[in-house]
1. Would you confirm whether or not the range 56-69 contains a residue that is over 21 Å from the mean Cα position of the chain (by Cα) and surrounded by 14 or more Cβ atoms within 10 Å (Cβ to Cβ)?
2. In the range 14-28, what count of residues is obtained for those that are modelled with pLDDT of 90 or more and among the aliphatic types (A, V, I, L, M)?
3. Working only within the range 38-54, note down all residues that are hydroxyl-bearing (Ser, Thr, Tyr) and either assigned to a strand (DSSP E or B) or open to solvent by less than 60 Å² (accessible area, probe 1.4 Å) (or both).
4. Quick one: what pairs do we get from the range 72-99, first residue over 11 Å from Ala62 (Cα atoms), second of a type in the set (D, E, K, R) and assigned to a strand (DSSP E or B), C-beta under 8 Å, 6+ apart or different chains?
5. State yes or no: is Asp111 without any contact (Cβ under 8 Å) to a residue 24 or more places away in the chain and in a helix (DSSP H, G or I)?
6. With the structure loaded, tell me whether Ala235 is farther than 14 Å from Gly64 by Cα, of a type in the set (A, V, I, L, M, F, W, C) and without any contact (Cβ under 8 Å) to a residue 60 or more places away in the chain or whether it fails that test.
Amino acid sequence: MLPYFSEKYFNSSGVYGPAQECRNALDAARQKVADALACRPTEIVFTSGGTESDNTALKGVAFGMRTVGNHIITTAIEHHAVLHTCHQLEQFGFEVTYLPVDEYGLVDPDDVGRALTDQTILVSVMLANNEIGTIQDVAAMGAICKDKGIIFHVDACVGLDTEIIDVEAMGIDILSLSSHKIYGPGGVGALFVRRRRPRVRLAPLMIGGGQERGMRHGTLNVPGIVGMGKAAEIAMETREVEK
């Protein structure tokens with residue numbers, strides 16, 4: 001990260017030579033994060049952290065699809081970045097179902113199917129709980145959502161360094177990541193946003209810059225993103241040891 005704080009401190013949106021060097025560093029980091037999820041680098045959107053990633057995912061789908069439906073499904077033990085966002089969306093007229101968990105903190109995937117309505121536009125479930133470490137069966141939930149054509153968001157801010165994540169195999173359409181949860185720098189995160197089958201479109205939280213395919217406008221944190229890319233690379237190399 002160090003060179004990108006000083007001698008390579010340029011705006012990656014620029015067209016001049018040094019700026020493009022920063023762009024190349026971003027592209028390399030984007031590839032490393034994509035490799036960790038078995039997705040395309042063009043499906044990675046960088047953010048300021050897990051909280052922004054969760055907010056962008058939930059609000060982006062909600063406001064982008066409010067003409068289609070107004071129902072969201074999540075669980076009772078999500079991180080506040082999801083729960084508080086859902087509470088805020090309820091103030092805008094969205095309906096949210098909070099699924100219960102058993103004594104181990106597990107959600108019954110069949111409960112997801114039973115909670116679906118003709119107004120459901122999004123299901124949001126965390127991969128690994130940050131308090132008790134429970135690993136949800138997101139693949140089973142993803143299959144249910146895929147069968148019904150419902151967008152499936154997974155908060156994977158915890159678990160990338162210990163669990164194998166394959167967004168295609170698990171039926172995930174949007175996935176949140178946080179750099180500091182995998183020993184990377186703070187203040188950086190990422191979103192996987194599916195581009196095919198289906199192509200997910202998110203209404204942006206911020207506008208005015210055009211960065212990140214219009215889903216996350218604003219100057220990118222080049223040193224932080226470079227660090228997150230390296231952290232993702234190391235996490236993949238040491239996953240079995242960490243687990």
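The values are calculated or read from the model by the stated rules, or taken from the named source; none is laboratory data. Just so you know, these numbers come straight off a predicted model, no measurement behind them. Reconstructed Cβ throughout: ideal geometry from the backbone, glycine too, with neighbour counts over all protein chains shown. We work out accessible area using only protein heavy atoms, side chains counted, and drop any ligands, DNA or RNA first. Shrake-Rupley method; radii C 1.70, N 1.55, O 1.52, S 1.80 Å.
1. Of the residues in the range 56-69, the ones over 21 Å from the mean Cα position of the chain (by Cα) are 67-69.
If we keep only those that are surrounded by 14 or more Cβ atoms within 10 Å (Cβ to Cβ) too, we end up with 69.
Yes - at least one qualifying residue is present in the range 56-69.
2. 3
3. Taking the range 38-54 and keeping what is hydroxyl-bearing (Ser, Thr, Tyr), we get 42, 47-48, 51, 53.
Within the range 38-54, Thr47, Ser48, Ser53 qualify.
4. Final answer for the pair search is Glu78/Asp155; His79/Asp155; Ala81/Asp155; Val82/Asp155.
5. Numbers: without any contact (Cβ under 8 Å) to a residue 24 or more places away in the chain: yes; in a helix (DSSP H, G or I): yes.
Yes.
6. No, not satisfied.
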